[in-house]
Amino acid sequence: MNNNFTSEIDGRILYYAFLSGGKRILQNQSEINRINVFPVSDKDTGTNLASTVRSVIDNIKPNKSYKTTFNNIAEAALIGARGNSGVIFAQFLYGVSRETKNKQLINFSDFVESIKKSIPYIYKAVSNPVEGTMLSVIKEWSEFLESKKNVADNFKNIFVESLEILQKSLKDTTSKMKLLSKYNFVDAGAKGFVLFIEGIIDFIKKGNLREIYTETSENISIIHDDEIHEEKITYRYCTEAIVKNLKISNEELKNTLNNAGDSVVIAGSESVCRLHVHTDKPSELFHKLKNYGTITFQKVDDMVRQYETATNRKWKIALVTDSACDLSQEILDFYQINSVPININFGDSHYLDKVTVQPEQFYDLLETSDDFPKTSQINEKAFTNIFSHLASHYDEIIAIHLTGKFSGTYESSLKAGKRIEKEFNKPVHVLDSKNLSGALGLLVLKTAKAIEEGKTSAEIISSFNSWRENAKIFVSVKDIKYMIKGGRVSKTKGLIAKLLGVNPIVSMDEKGNSQLFGKAFSYKSNMKKVINHIQKITEGKSVWNYIILHAHNIEDAENQKLKMMKITGKEPVSVVDISPVIGMHAGIGTTAISILTEN
């Protein structure tokens, strides 16, 4: 099929043109990441732009109407936008869609008018607009198109001619910004936009749809960037949200975000807006935002970890887990482990586990909220985003997740891994721990230490099954009321258990299902029973390591630690708050012990 990119275009041609431009970004996301030093050198601009265009590619289909198709593109981009450049790009598309006339076919003059009128949208969205970025390049491209509006009506010729202007504008970004001049780089976001238009021009010239779809599966050759760019990261977390039915003005929202951090961008409208800000305290920010509208989506990226990934990775294998993994932040930081947060909902309030709600806040909510919390799996898109960024800098990826029997998180990761393997031609190994909490933490730590020792992924994966068999967790439940509220125990059985003073002990079986390991008639007897069982099953075995866990019960956790030190002769890996995945059902006061033995 050849396109008809001449005097008028319809929605189908627009769709395939976007597809071609988007594929060009996907194919070059590693290079865009490499040159990303502004506003923060976290090396993820390519990943973020790729996420934005993937959202369009994955979620819309061509429509004959140009207006309808552009509206759909803009909406999908706004929902999938990530990072400073991704949100600005989405706002550009939103501005064009708002200013596009309601037509099936659009001529060159109308197209130019919509591009020109979109410029105020992108400048207004950014709290502190900086020239020498994507903003400048889009504006200068718009000005060139405007200069041709009355002397030409042919899309094809003018688009091809505009490439020279785009390339000059891109080159000029280096001299416009001191930081870019320092490294002799062009702006990464601007580079992404120019690549996008280059992809459209290729489609205009060739018009071969088969070639566009073939390009989808092309492998991308990635070379890790070992250049060190010492730039201070002022705020650690790149924080984003979609807020619906905003109750305050954009200016008031902008002031709130500026008070929380910097790099503020607000895209969309009051009915649906996407916000972006760099901050150190996302949990405090979201506590305020919940009063301003309905938060339907949250995303928080750790820019310190991204910076280390790009400039100071310790090993060639990246390690990923989810927030059901209970390890201390110090261990996660030392081994550069990437933890993706599970979604937690208290009624209409949405949180990201251990990011926008910390364990101590979670247990307070568990006690005070009228709604019992629910967790939902991490979706495929979240894993696609983190895997694509890691694949830009690592040779391969190992991801280890909570039991697939509890959540679809493992399946989401598996699907994302296959997609990134195709895009980057790099292996992504996704493993089901068949466990969670401290037991998952020990398996992740064991894997991290194996990577540190220089073991290959093949060696690690061949050993993983035996590690998994030797990882155990025993949860001492203090108050059965939470298991009743969460539906894990029926009200009738729960009432009988409470009358008898029964405290259950919960563990995991070899298939990854929870199981009632035992019960006692007091909480102290319960904890004693766990210690006695661990002593029995570790006789003649070496305990590789163990973790003590608790839910707002540090006193009993410390007592269990002393008893475990007598058995093992060693300190635990850590004493930490138990994962909400267990804590929400086991409840406040719960303690748990996870061990990993060696054959």
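Checking each residue of the stretch 44-61 against the condition of being under 30 Å from Val277 (Cβ atoms) and not in a helix (DSSP H, G or I) gives at least one match.
Can you tell me which residue among Val130, Val112, Val137 is surrounded by fewer than 18 Cβ atoms within 10 Å (Cβ to Cβ), β-branched (Val, Ile, Thr) and assigned by TED's automatic domain parsing to the domain that holds Leu180?
Values: Val112 fails: surrounded by fewer than 18 Cβ atoms within 10 Å (Cβ to Cβ); Val137 fails: surrounded by fewer than 18 Cβ atoms within 10 Å (Cβ to Cβ).
Exactly one of Val130, Val112, Val137 is surrounded by fewer than 18 Cβ atoms within 10 Å (Cβ to Cβ), β-branched (Val, Ile, Thr) and assigned by TED's automatic domain parsing to the domain that holds Leu180, namely Val130.
Could you say which residue among Leu170, Leu166 is under 24 Å from Tyr66 (Cβ atoms), in contact with a helix residue (DSSP H, G or I) (Cβ under 6 Å, 6 or more places away or on another chain), modelled with pLDDT of 95 or more and assigned to a helix (DSSP H, G or I)?
Only one candidate passes the filter, namely Leu166.
The lone criterion from (1) loosely packed, with under 14 Cβ neighbours inside 10 Å; (2) in a strand (DSSP E or B); (3) of a type outside the set (Asp, Glu) left unmet by Lys314 is number (2). Is it true that some residue in the stretch 454-475 is part of a helix (DSSP H, G or I), modelled with pLDDT of 95 or more and of a type in the set (Phe, Trp, Tyr)? Within the stretch 454-475 (the criterion being part of a helix (DSSP H, G or I), modelled with pLDDT of 95 or more and of a type in the set (Phe, Trp, Tyr)), the answer is yes, since at least one residue qualifies. Checking the structure you have, find out if any residue of the stretch 187-199 is outside the structural domain of Lys426 (by TED's automatic domain parsing), surrounded by fewer than 20 Cβ atoms within 10 Å (Cβ to Cβ) and at pLDDT below 95. Looking through the stretch 187-199, none of the residues is outside the structural domain of Lys426 (by TED's automatic domain parsing), surrounded by fewer than 20 Cβ atoms within 10 Å (Cβ to Cβ) and at pLDDT below 95. All conditions but one from (1) buried (at least 21 other Cβ atoms within 10 Å of the Cβ); (2) of a type outside the set (Gly, Ala, Ser); (3) modelled with pLDDT of 95 or more apply to Phe144; the one that does not is (1). Please specify each residue of the stretch 565-580 satisfying the condition of being in contact (Cβ under 8 Å) with a residue 12 or more places away in the chain, surrounded by fewer than 24 Cβ atoms within 10 Å (Cβ to Cβ) and part of a helix (DSSP H, G or I). Those that are in contact (Cβ under 8 Å) with a residue 12 or more places away in the chain, surrounded by fewer than 24 Cβ atoms within 10 Å (Cβ to Cβ) and part of a helix (DSSP H, G or I): Ile567, Thr568.
How many of the residues in the stretch 104-134 are in a loop (DSSP other than H, G, I, E, B) and either modelled with pLDDT of 95 or more or touching a helix residue (DSSP H, G or I) at 6+ places or on another chain (Cβ under 7 Å) (or both)? I'd like the intermediate steps shown before the answer.
Taking the stretch 104-134 as the starting set, the residues that turn out to be in a loop (DSSP other than H, G, I, E, B) are 104-105, 127-133.
Next cut, either modelled with pLDDT of 95 or more or touching a helix residue (DSSP H, G or I) at 6+ places or on another chain (Cβ under 7 Å) (or both) only: 104-105, 127, 129, 131-133.
Looking only at that region, the number is 7.
Restricted to strands (runs of 3 or more DSSP E) entirely inside the stretch 480-552, those with at least 3 residues that are modelled with pLDDT of 75 or more are 503-508, 542-550.
Taking (1) closer than 18 Å to Tyr15 by Cα; (2) out of contact with any Pro (no Cβ under 8 Å at 6 or more places or on another chain) in turn, Gly95 satisfies each apart from (2).
Could you list all residues from the stretch 235-267 that are in a helix (DSSP H, G or I) and touching a helix residue (DSSP H, G or I) at 6+ places or on another chain (Cβ under 7 Å)? Working first, answer last.
Within the stretch 235-267, the first condition is being in a helix (DSSP H, G or I), and the residues that meet it are 250-260.
Within the stretch 235-267, Thr256, Ala260 qualify.
Of all residues in the stretch 56-96, those satisfying the criterion of being under 18 Å from Ile242 (Cβ atoms), surrounded by fewer than 24 Cβ atoms within 10 Å (Cβ to Cβ) and among the polar types (S, T, N, Q) are Asn59, Asn71, Asn72. Exactly one condition in (1) touching a Ser or Thr at 6+ places or on another chain (Cβ under 8 Å); (2) crowded, with 17+ Cβ neighbours inside 10 Å; (3) at pLDDT 90 or above; (4) of a type outside the set (D, E, K, R) is false for Asn258; which is it? Exception for Asn258: condition (2). Within the stretch 363-410, restricting attention to residues that are outside any helix (DSSP H, G or I) and β-branched (Val, Ile, Thr), the residue that is surrounded by the fewest Cβ atoms within 10 Å (Cβ to Cβ) is Thr375.
So, in the stretch 418-431, how many residues would count as being buried (at least 21 other Cβ atoms within 10 Å of the Cβ) and assigned to a helix (DSSP H, G or I)? The total comes to 3. Filtering Glu360, Glu270, Glu330 for residues that are assigned to a helix (DSSP H, G or I), outside the structural domain of Pro580 (by TED's automatic domain parsing) and modelled with pLDDT under 90 leaves a single hit, Glu360.
Only one residue in Val137, Val151 is of a type in the set (Val, Ile, Thr), without any contact (Cβ under 8 Å) to a residue 60 or more places away in the chain and outside any helix (DSSP H, G or I), so which one is that? I'd like the intermediate steps shown before the answer.
On the way: Val137 fails: outside any helix (DSSP H, G or I).
Going through Val137, Val151 in turn, the sole match is Val151.
Applying a threshold of 6 Å to beta carbon distances and a minimum spacing of six or more residues, or different chains, the list of pairs starting in the stretch 409-425 at a residue that is of a type in the set (Phe, Trp, Tyr) and ending at one that is part of a helix (DSSP H, G or I) and surrounded by 18 or more Cβ atoms within 10 Å (Cβ to Cβ) reads Phe424/Ala391.
Report whether or not Asn36 is over 18 Å from the mean Cα position of the chain (by Cα) and either of a type in the set (D, E, K, R) or more than 22 Å from Ser136 (Cβ to Cβ) (or both). Please lay out each step first, then the result.
Working: over 18 Å from the mean Cα position of the chain (by Cα): yes; either of a type in the set (D, E, K, R) or more than 22 Å from Ser136 (Cβ to Cβ) (or both): no.
The answer is no for Asn36.
Being modelled with pLDDT of 95 or more and either in contact with a helix residue (DSSP H, G or I) (Cβ under 8 Å, 6 or more places away or on another chain) or outside the structural domain of Ile197 (by TED's automatic domain parsing) (or both) narrows it down to one of Thr68, Thr47, Thr52, so name that one.
Values: Thr47 fails: modelled with pLDDT of 95 or more; Thr52 fails: modelled with pLDDT of 95 or more.
Being modelled with pLDDT of 95 or more and either in contact with a helix residue (DSSP H, G or I) (Cβ under 8 Å, 6 or more places away or on another chain) or outside the structural domain of Ile197 (by TED's automatic domain parsing) (or both) holds for just one of Thr68, Thr47, Thr52, which is Thr68.
The single condition from (1) touching a strand residue (DSSP E or B) at 6+ places or on another chain (Cβ under 9 Å); (2) in contact (Cβ under 8 Å) with a residue 60 or more places away in the chain that Gly80 fails is (1). Beta carbons closer than 7 Å, at least 6 apart along the sequence or on distinct chains, pair a first residue in the stretch 166-178 that is over 12 Å from Thr133 (Cβ atoms) with a second that is at pLDDT 95 or above and assigned to a helix (DSSP H, G or I) for Leu166/Val137; Leu166/Trp141; Leu166/Val194; Leu166/Ile197; Gln167/Val194.
The values are calculated or read from the model by the stated rules, or taken from the named source; none is laboratory data. What you see is a predicted model, and the numbers here were worked out from it, not measured in a lab. Positions of Cβ are generated from backbone atoms using ideal geometry, with glycine treated the same way; all protein chains shown enter the neighbour counts.
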